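Student: Below you'll find the structure I mean.
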Amino acid sequence: MEAIQIAIDGPAGAGKSTIAKRIAKELNFIYIDTGAMYRALTYQVLQSGISLQQEEKIVQLAKETDIMFENGNIYLNKKIVNKEVRSNNVSLYVSHIAQIPIVRELLVEMQKRIAANNNVVMDGRDIGTNVLPGATLKVFLTASVQERARRRYEELERNGTLVNLDDIAEQIQLRDKMDAERSCSPLVKADDAITIDTTGLSIENVCKSIMNLLNLKAPLVNNN
Ligand code: C5P
């Protein structure tokens, strides 16, 4: 049977990873958080002391860096970096790294390789448009800026980082602007993606909507 691919795109804090993880678990699919891959490389760049202007060095580092997923963990050169990649410092710089075309080429190739022949739920910015253009189901998740900032604020607070909510809202808007305006695979809804505004919706309800949509596209998948 042909592999089932679910592509979930959308701006920062729209709930993509929470929802994608749940759906993957429910369907027993592989979950691929492509944002975590760009974050892992950004973390590595920051650790190496390379400046954002040194594009050639960043590309070289990207070629030498081993990023992989296993059992829901993200590994950077064989070390689990789940917490490190979610830091606010990484969030501040990741969109600069993610706009370098060769960096994208390298990571997209990796993402396509993981998705080939596997049932996957993949979330990011360019999954429906670029990484998996033939995905079985494409969802574009959005939410109001206030709600997205609040979610990110709570995530950082849970991780022990104290931040200002207004600063987070500003950072999120800046990151969305950079992601949407870059020339190489910008954040944009695929023509055949279905938009779900998650503002005020529970995680359960969003997951249910996606499962219903999948049922229409691939009726046998979640019927067992
Ligand atoms: O999804 P998350 O917010 O963790 O993604 C972090 C950043 O990685 C995004 O703001 C974007 O710059 C970049 N990204 C991307 N393409 C993807 C996934 C993430 O450019 N497919």
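The values are calculated or read from the model by the stated rules, or taken from the named source; none is laboratory data. Because the structure is predicted, anything quoted here is derived from the model rather than measured. A quick note on method: Cβ atoms are made from the backbone with ideal geometry, for glycine too, and the neighbour counts reach across all protein chains shown. Areas reflect the complete protein model, heavy atoms only, side chains present, ligands, DNA and RNA absent. Shrake-Rupley method; radii C 1.70, N 1.55, O 1.52, S 1.80 Å.
Student: State the extension gain, in nm to one decimal, for the chain segment bounded by Gln54 and Gln146, taking 0.36 nm per residue of separation less the distance between their alpha-carbons. Walk me through the intermediate numbers first.
Tutor: Details: separation 92, 0.36 × 92 = 33.12 nm, distance 3.43 nm.
Length gained between Gln54 and Gln146: 29.7 nm.
Student: Let me see the P(r) profile for the range 22-96: every Cα-Cα distance counted, bins of 5 Å, each bin given as a percent of all pairs.
Tutor: 3, 16, 27, 22, 17, 8, 5, 3, 1
Student: Could you tell me the relative contact order of the range 82-197? Use alpha-carbon pairs under 8 Å, at least six residues apart, and round to a whole percent.
Tutor: Working: 89 pairs, mean separation 43.0, N = 116.
So the answer I get is 37 percent.
Student: Taking θ as phi - 60°, what are the ³J(HN,Hα) couplings along the range 126-140 by the Karplus curve (6.51, -1.76, 1.60), each to the nearest whole Hz, with x for Gly and Pro?
Tutor: Calculated HN-Hα couplings, in order: 10, 6, x, 8, 10, 6, 10, x, x, 4, 4, 9, 10, 10, 10 Hz.
Student: Further, regarding this structure: Explain nothing, just compute: Karplus ³J(HN,Hα) = 6.51 cos²θ - 1.76 cosθ + 1.60, θ = phi - 60°, for every residue of the range 183-197 in order, whole Hz, x for Gly and Pro.
Tutor: Values per residue, Gly and Pro as x: 7, 9, 6, x, 5, 8, 6, 5, 4, 9, 8, 9, 7, 10, 8 Hz.
Student: Measure nothing but the geometry: give the 0 to 90° angle between the long axis through the Cα atoms of 34-48 and the longest principal axis through the Cα atoms of the chain, rounded to 10°.
Tutor: 10 degrees
Student: What nm value, rounded to one decimal, do you get for the distance between Asp66 and Leu92 when each label is placed 7 Å out toward the C-beta?
Tutor: The two pseudo-label positions are separated by 3.1 nm.
Student: With a Cα-only, solvent-free Debye model of the range 1-149, what are the log10 I(q)/I(0) values at q = 0.10 Å⁻¹?
Tutor: Debye curve over Cα of the range 1-149, log10 I(q)/I(0) at q = 0.10 Å⁻¹: -0.33.
Student: Same structure again: Measure nothing but the geometry: give the 0 to 90° angle between the long axis through the Cα atoms of 165-181 and the longest principal axis through the Cα atoms of the chain, rounded to 10°.
Tutor: 80 degrees
Student: Further, regarding this structure: Please give the charge dipole size of the chain, origin at the Cα centre, charges +1 on K and R Cβ atoms and -1 on D and E Cβ atoms. Round to the nearest 20 debye. Working shown, then result.
Tutor: Working: 27 positive and 28 negative charges, 78 e Å.
Using Cβ point charges on Lys, Arg, Asp and Glu, the chain gives about 380 debye.
Student: Next question. For the range 146-153, what does the Karplus curve 6.51 cos²θ - 1.76 cosθ + 1.60, with θ = phi - 60°, yield as ³J(HN,Hα) per residue in whole Hz, taken in order and with x for Gly and Pro?
Tutor: With coefficients 6.51, -1.76 and 1.60, one gets 4, 5, 5, 5, 4, 4, 5, 4 Hz.
Student: Let me ask something additional. In cubic angstrom, how much convex hull volume per residue do the alpha carbon atoms of the range 12-53 span?
Tutor: Residue-normalised Cα hull volume stands at 75 Å³.
Student: Taking Cα pairs under 8 Å and at least six residues apart, what relative contact order does the range 40-105 come out at, in percent? Could you put the intermediate results ahead of the total?
Tutor: On the way: 54 pairs, mean separation 22.0, N = 66.
33 percent.
Student: Accessible area per residue of the range 145-224 at 1.4 Å probe, in Å²? Numbers along the way, then the final one.
Tutor: Values: 4950 Å² over 80 residues.
Dividing the accessible area of the range 145-224 by its residue count gives 62 Å².
Student: Follow-up. At a 1.4 Å probe, what is the % contribution of carbon and sulfur to the accessible area of the range 41-165? Don't skip to the answer; put the middle values down first.
Tutor: On the way: 3010 of 6300 Å².
Solvent-exposed carbon and sulfur of the range 41-165 make up 48 percent of the total.
Student: Next up: Need the full-extension length gain, Ala3 to Asn117, defined as separation in residues times 0.36 nm minus the C-alpha distance. One decimal, nm. Show your work: numbers first, answer last.
Tutor: Working: separation 114, 0.36 × 114 = 41.04 nm, distance 0.56 nm.
40.5 nm is the gain from fully extending Ala3 to Asn117.
Student: To continue, here is another question. Angle, helix 101-115 long axis vs. longest principal axis of the chain, Cα atoms, 0 to 90°, nearest 10?
Tutor: So the helix axis and the longest Cα principal axis differ by about 40 degrees.
Student: State, as an integer percentage, the relative contact order of the chain based on alpha-carbon contacts under 8 Å between residues 6 or more apart.
Tutor: Numbers: 330 pairs, mean separation 73.7, N = 224.
The normalised contact order for the chain reaches 33 percent.
Student: With the crude spin-label approximation of a point 7 Å out along Cα→Cβ, what separation in nm comes out for Tyr75 versus Val163?
Tutor: Simple spin-label model gives 2.8 nm for this pair.
Student: Normalized C-alpha radius of gyration of the range 99-224, against 2.2 N^0.38 Å? Write out the running numbers ahead of the final one.
Tutor: Working: Rg = 16.5 Å, N = 126, 2.2 N^0.38 = 13.8 Å.
This ratio for the range 99-224 stands at 1.19.
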